[in-house]
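K.L.:
Okay, here's the structure, questions in a sec.
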Amino acid sequence: MKAVRRALTSSSTRNYRLRSSTHHISQRAGISSATSAPTRSSQSKPRGKALNSSLAVDSGLRSNPAEQNFLAGRSNKNPSNHDPNQDSFNDEILTPLSQYQKLIDSGVLRGDEHQTRIIQKLQDLHDKLVDYNPPEIPVESSSNYLLSRIFSRDSATPMSPPESAPKGLYLYGDVGTGKTMLMDLFYQTLPPSLKRKRRVHFHAFMIDVHKRLHAAKIAMGFRGGDPIVPVARDLAREASVLCFDEFQVTDIADAMILRRLLESLVNYGVVCVMTSNRHPDDLYKNGIQRSSFIPAIELLKTHFDVTDLDSGTDYRRVPRALSHVFYSPLTPENTSEVEKIFNSLASENSDDPLIRNRKLTTWGRTILVPESTSTIAKFDFYDLCGQPLSAADYIEVTKNFGTIFVLNIPKMGMQQKDLARRFITFIDACYESKTKLFVTSEVPVFQVFSDDPSKHDRQGHISDHMRSVMDDLGLNSEMVGSSSMFTGEEEVFAFARACSRLVQMGSKEWAETAGQK
């Protein structure tokens with residue numbers, strides 16, 4: 001009833017809110033009955049469906065066709081471009097609850113009480129955003145736009161969040177708790193009245209922020225100044241709702257930027273929804289000058305609804321049939337087989353010829369791609385990880401190519417720690433962009449970081465933290481091994497996560513759905 005009364009007071013959203021409220025009530029009832037009803041036997045589903053995981057989806061978190069259809073809505077349009085007053089809109093209301101119920105009905109998800117509680121939080125924020133009018137952020141009318149923006153010292157910079165702005169959401173949990181699926185579901189069902197929105201992986205977001213800060217500092221020149229507020233103003237002008245996936249803080253440069261950037265974004269009325277592997281109190285743990293980052297942690301706990309996603313289940317622990325995309329050891333037979341696959345895929349389209357030494361440019365640097373079409377690329381491991389490439393470079397590579405071949409991956413030990421770090425960064429980029437990966441490696445690719453089991457008492461050098469993280473990620477040490485080359489907390493987690501992702505990227509489900517650009 002409160003939702004209906006609020007809708008009656010706002011003529012601009014009246015039709016949408018009345019329909020949404022009625023639909024919302026029916027969905028609550030539907031979830032109650034769905035969670036109390038007997039679940040379908042897992043034997044009726046193909047092997048690999050993660051029905052024992054409350055937030056798992058079949059065939060990858062972002063590429064399941066059924067899920068994509070539901071999130072796209074009946075007309076398959078972006079909801080931000082859809083007029084809520086159009087007659088065609090009244091049969092289908094895009095809300096987190098309604099889309100979640102459809103995923104349950106289709107068997108893609110299996111409802112439970114914990115899951116329903118999380119979806120309800122997304123629905124509550126959705127309802128608040130229906131009535132939210134983000135503050136206008138004026139654009140400076142000057143021929144020298146950047147300079148006038150940076151050097152302006154007007155009093156328009158807000159010092160506190162707008163009273164009407166709802167709290168953001170900070171969703172944290174281990175790998176496999178469905179964070180990315182939840183983020184996508186929420187973003188795709190945002191109210192159509194919100195035209196300015198952005199959903200971005202946090203790693204890519206920080207690369208963008210660093211580029212903007214660099215441009216601002218150049219414009220400031222010798223006069224100097226603080227570039228963070230104008231950069232935040234630009235970001236707020238572009239998006240009033242900002243969704244970050246995999247929020248994390250790993251170095252002091254990001255920590256110092258984030259402390260003030262988040263505060264400025266919140267003060268400009270930006271509503272942020274974040275997913276993370278860590279509770280705010282555990283961010284940047286043991287980092288240099290962490291005391292300077294504490295205000296950012298307090299801001300997250302004050303201005304965000306911090307919610308734990310862990311429910312005790314993990315879809316990655318469900319056995320999957322491995323697809324033949326990883327080849328080991330490095331034998332002539334395996335090399336020949338992978339070359340045949342590459343040549344077959346690369347020759348499918350006669351209008352898309354194979355190009356040698358294609359050039360990609362990012363941050364002023366040139367990346368040479370030894371062999372590629374417009375969608376498929378092939379690298380030797382040392383071309384990819386033996387060069388001083390960064391996360392931005394790997395993101396650029398995976399953005400351009402949906403299928404990547406990496407050949408001759410060696411087993412890496414303490415002497416190849418830099419190679420290992422770059423390879424982990426590359427794997428993360430492939431995973432986030434849903435890249436199909438073919439490799440040849442000296443040992444099974446998810447064991448390339450593992451210690452030599454023949455060395456006695458090697459297991460004694462593995463820390464309790466390493467064992468704990470691997471257990472949390474559902475990693476079987478007999479399958480992926482364990483590594484003593486990674487010691488820091490963030491290093492251990494990055495290693496274990498990369499192994500977990502490699503196992504998933506070798507599955508039949510991933511091979512069938514990845515690689516679409």
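K.L.:
Taking H placed 1.01 Å from N in the peptide plane, check which residues at least 5 places from Tyr170 or on another chain put their amide H under 5 Å from its amide H.
P.N.:
Amide H neighbours of Tyr170, under 5 Å, 5+ apart: Met274, Asp305, Val306, Thr307.
K.L.:
Given H placed 1.01 Å from N in the peptide plane, which residues other than close sequence neighbours of Thr362 have an amide H under 5 Å from its amide H?
P.N.:
Amide H to amide H, under 5 Å and 5 or more residues apart or across chains, Thr362 pairs with Ile367.
K.L.:
Provide the per-residue ³J(HN,Hα) series for the range 395-411, in order, calculated from phi with Karplus coefficients 6.51, -1.76, 1.60 and θ = phi - 60°, each as a whole number of Hz, with x at glycine and proline positions.
P.N.:
4, 5, 5, 6, 5, 8, 10, x, 10, 10, 9, 10, 10, 6, 6, x, 6
K.L.:
Another one. Kindly write out, for the range 285-300 in residue order, the coupling ³J(HN,Hα) from the Karplus curve 6.51 cos²θ - 1.76 cosθ + 1.60 (θ = phi - 60°), rounded to whole Hz, with x marking Gly and Pro.
P.N.:
5, 6, x, 5, 6, 4, 4, 6, 8, 4, x, 5, 4, 5, 4, 4
K.L.:
Spin-label point model (7 Å from Cα, Cβ direction): what's the Lys399 to Lys285 distance in nm?
P.N.:
Taking the two extended label points, one gets 3.3 nm.
K.L.:
Okay, next question. Pull out the extension gain between Gln516 and Arg365, defined as 0.36 nm times the separation in residues minus the alpha carbon to alpha carbon distance; nm, one decimal.
P.N.:
Result for the pair: 51.7 nm of gain on full extension.
K.L.:
To continue, here is another question. Just subtract the alpha-carbon distance of Lys195 and Phe222 from 0.36 nm times their residue separation and send over the number in nm, one decimal.
P.N.:
Extra length available between Lys195 and Phe222 comes to 5.9 nm.
K.L.:
Follow-up. Summarise the accessible area of the range 199-317 (1.4 Å probe, protein heavy atoms) by the percent that is carbon and sulfur.
P.N.:
For the range 199-317, the apolar C and S fraction of the accessible surface comes to 52 percent.
K.L.:
Please list, in chain and number order, the residues 5+ apart from Ile355 or on another chain whose amide H is under 5 Å from its amide H, with Hs placed from the backbone.
P.N.:
Long-range HN contacts for Ile355: Ser372, Thr373.
K.L.:
Okay, next question. Would you mind putting 364-373, 102-111, 283-292 in packing order, based on average other-beta-carbon counts within 10 Å, highest first?
P.N.:
The peptides rank, most packed first, as 102-111, 364-373, 283-292.
K.L.:
Okay, next question. Here are some pairs, Lys121/Lys167; Lys197/Lys301; Lys399/Lys434; Lys399/Lys508; Lys128/Lys195; which of them have Cα atoms lying more than 20 Å apart in this structure?
P.N.:
Lys197/Lys301; Lys399/Lys508
The values are calculated or read from the model by the stated rules, or taken from the named source; none is laboratory data. Given the structure is predicted, the values throughout are model-derived calculations rather than measurements. Here Cβ is always computed from backbone atoms with ideal geometry, including for glycine, and neighbour counts include all displayed protein chains. Just the protein is used for accessible areas: all its heavy atoms, side chains included, with ligands, DNA and RNA removed. Shrake-Rupley method; radii C 1.70, N 1.55, O 1.52, S 1.80 Å.
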